[in-house]
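Read through the structure below, which is laid out as structure tokens, and then see the notes.
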Amino acid sequence: MRKILYPLLFACLAVVLLEKYGEIGPDKRLSKNLNRNNSMPVSTLNLQTLFRRLQAADMNWKPFKVLSSNGTISYRYRPIKGEARLSEARIKDRMDNFSTIFEKEKSEISAIFKLLEEIGVSVYELQMNNDIEGMWVPIERAIYLSTSLGEKGSLNFHEVLAHEAIHVAQSCSTGSINSTPVRLGLPLKSSFSINKSLSHPAYVLNLQEGIYLEQEAYSYSKKIGFAAGLLKQFCK
């Protein structure tokens, strides 16, 4: 789960849901319980609609020309996360080929959705607070993503979805997709971005193993094809 913790997730989620909606067991879907409260609307994420939203959001990264008062032309663009400054030639190339810029991320999003459907995992949108972008709830076989995520573009959406898909694989590795995730034993990576994510207040009470669990998911969520590969390896 991005910016929420294991195993504190299950304790907190259980307490909140039990207080608001009553007992929750394998025969009661979380989405239905949440829908009883209009302040927490849940909807199934439709892939076709999602891609339209992502395409609109991705336009924020398309460079554009600026004509100055003296007739000179310059270019402005929003840098993609982590990239170095672009030369004018590369900016022009991005403008000409912008339709393909997030092609790999979109292809991977489709692949992950297909695999999740095949193993019986549903993906829902949910209004979340405190910068929470996604969560995996094994007992429900459900991934919940923030309703605002589709407006953040393909790059960010892929990273969050892949992160949660890795948690699904962590559950599958126990022998049961409904089980609490455990580490897969992959080498843990460290970076400014990962360390910043793990310093979020949501992780403050997490045990060290829970931090490692999240670090494992953060370590590989940006890598195209990795999350899908783990789903195939551990869940199929």
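Things to note:
- Sole residue being within 14 Å of L161 (Cβ to Cβ) and not polar (S, T, N, Q), chosen from G120, G134: G134
- Enumeration of residues in the stretch 123-165 that are under 17 Å from E214 (Cβ atoms), open to solvent by less than 20 Å² (accessible area, probe 1.4 Å) and assigned to a loop (DSSP other than H, G, I, E, B): E133
- Filtered residues of the stretch 195-211 (kept if surrounded by 16 or more Cβ atoms within 10 Å (Cβ to Cβ) and either part of a helix (DSSP H, G or I) or on the phi > 0 side of the Ramachandran plot (or both)): S197, L198, A202, Y203, G210
- Within the stretch 62-92, the set of residues being within 20 Å of K222 (Cα to Cα), at pLDDT below 90 and open to solvent by 80 Å² or more (accessible area, probe 1.4 Å) comprises K81, G82.
- Any chance E118 is modelled with pLDDT of 95 or more, among the charged types (D, E, K, R) and surrounded by fewer than 19 Cβ atoms within 10 Å (Cβ to Cβ): yes
- Within the option set S43, S107, being modelled with pLDDT of 95 or more and open to solvent by less than 80 Å² (accessible area, probe 1.4 Å) holds for one residue only, S107.
- Flag for N178 being under 20 Å from I112 (Cβ atoms) and open to solvent by 60 Å² or more (accessible area, probe 1.4 Å): yes
- Test: S190 is out of contact with any strand residue (DSSP E or B) (no Cβ under 6 Å at 6 or more places or on another chain), open to solvent by 10 Å² or more (accessible area, probe 1.4 Å), of a type in the set (S, T, N, Q) and assigned to a loop (DSSP other than H, G, I, E, B): yes
- Complete set of residues in the stretch 57-74 that are in contact (Cβ under 8 Å) with a residue 12 or more places away in the chain and assigned to a helix (DSSP H, G or I): A57, D58, N60, W61
- Residue match in the stretch 146-164 (condition: more than 18 Å from D131 (Cβ to Cβ) and β-branched (V, I, T)): no
The values are calculated or read from the model by the stated rules, or taken from the named source; none is laboratory data. Just so you know, these numbers come straight off a predicted model, no measurement behind them. Glycine gets a Cβ as well: all are built from the backbone with ideal geometry, and neighbour counts include every protein chain shown. The protein model used for the area step is the full one, side chains on, heavy atoms only, and it has no ligands, DNA or RNA in it. Shrake-Rupley method; radii C 1.70, N 1.55, O 1.52, S 1.80 Å.
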